[in-house]
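Please read the structure below before turning to the comments.
Just so it is clear, none of the values below were taken in a lab; they were calculated from the coordinates. All figures in this text were calculated on a predicted structure; none of them were measured in a lab. So basically every Cβ, Gly included, is an ideal-geometry build from the backbone, and we count neighbours across all protein chains shown.
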Amino acid sequence: MKDYLKKLIITNIEKWNDNDIYAISLFVNDLCDNPCKPTVTLGYNTNTQVAKILKEASSEIEARWNYAFWIQNNFFCFGDGDTSEIVKKWLKENKFPYYDDDDSTWDTDEAYDEAEEITEAFISVLISIVKEIHEQKLLTIKYGKELPIIIHELEYYDEIAEQNIEANRQRLVKEFADFCYNS
């Protein structure tokens with residue numbers, strides 16, 4: 001799964017022509033709120049978008065880092081559609097359970113604990129991919145500088161900041177991490 005997803009991310013980034021990008025988004029969500037169906041959606045935001053949306057946000061920091069204000073340019077949603085089977089296979093290979101949306105047996109304390117482990121493992125895969133992209137200098141080659149690749153949900157909190165510091169290094173995501181810590 002990891003290699004396929006990394007290749008998909010890189011292939012999409014290589015096609016982008018917007019020179020105003022300041023951050024890349026890996027938006028993580030559970031399809032139908034089912035933790036056995038983790039997804040990640042690729043997108044990016046630009047300084048032009050921040051300037052355009054600034055009057056609607058409470059601050060420039062919010063306009064810059066709150067995904068709700070970003071361009072909703074979703075290039076793919078990995079874990080949905082054709083790629084859902086890849087995620088199912090990954091779950092099985094890692095000995096995680098799989099519960100269908102209508103499976104009432106997943107509504108137990110044990111199932112919720114297992115679901116938390118799925119989310120942590122999925123995020124770990126994304127952190128690893130982000131680190132590898134930075135190590136390969138792919139963004140520096142394309143944009144002439146490093147860009148943060150933000151792994152996030154719709155809510156921001158300390159753990160999101162820490163995951164991104166691990167994936168991107170502190171200096172690259174300092175402003176985003178501060179936003180998470182203060183949200």
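Here are a few things to note about the model shown:
- Annotation: lysines with alpha-carbon distance below 27 angstrom to LYS95 (same-chain offsets under eight excluded): LYS2, LYS6, LYS7, LYS37, LYS131.
- Mean separation of Cα contacts under 8 Å (6+ apart) over length of the chain, as relative contact order %: 23
- For the stretch 1-149, the alpha carbon positions stretch 48, 36, 23 Å along the principal axes, listed from largest to smallest.
- Debye, to nearest 20: dipole size of the chain, +1 on Lys, Arg Cβ, -1 on Asp, Glu Cβ: 1440
- Signed unit charges on C-beta, dipole axis of the stretch 1-112, positive-most listed residue TYR4, PHE27, GLY79: TYR4
- Segment ASN94..ALA68, full-extension length gain: 6.1 nm, with 0.36 nm per residue of separation and the alpha-carbon distance subtracted.
- Between helix 2-15 and the chain there is an angle of about 30 degrees, using the helix long axis and the longest principal axis of the Cα atoms.
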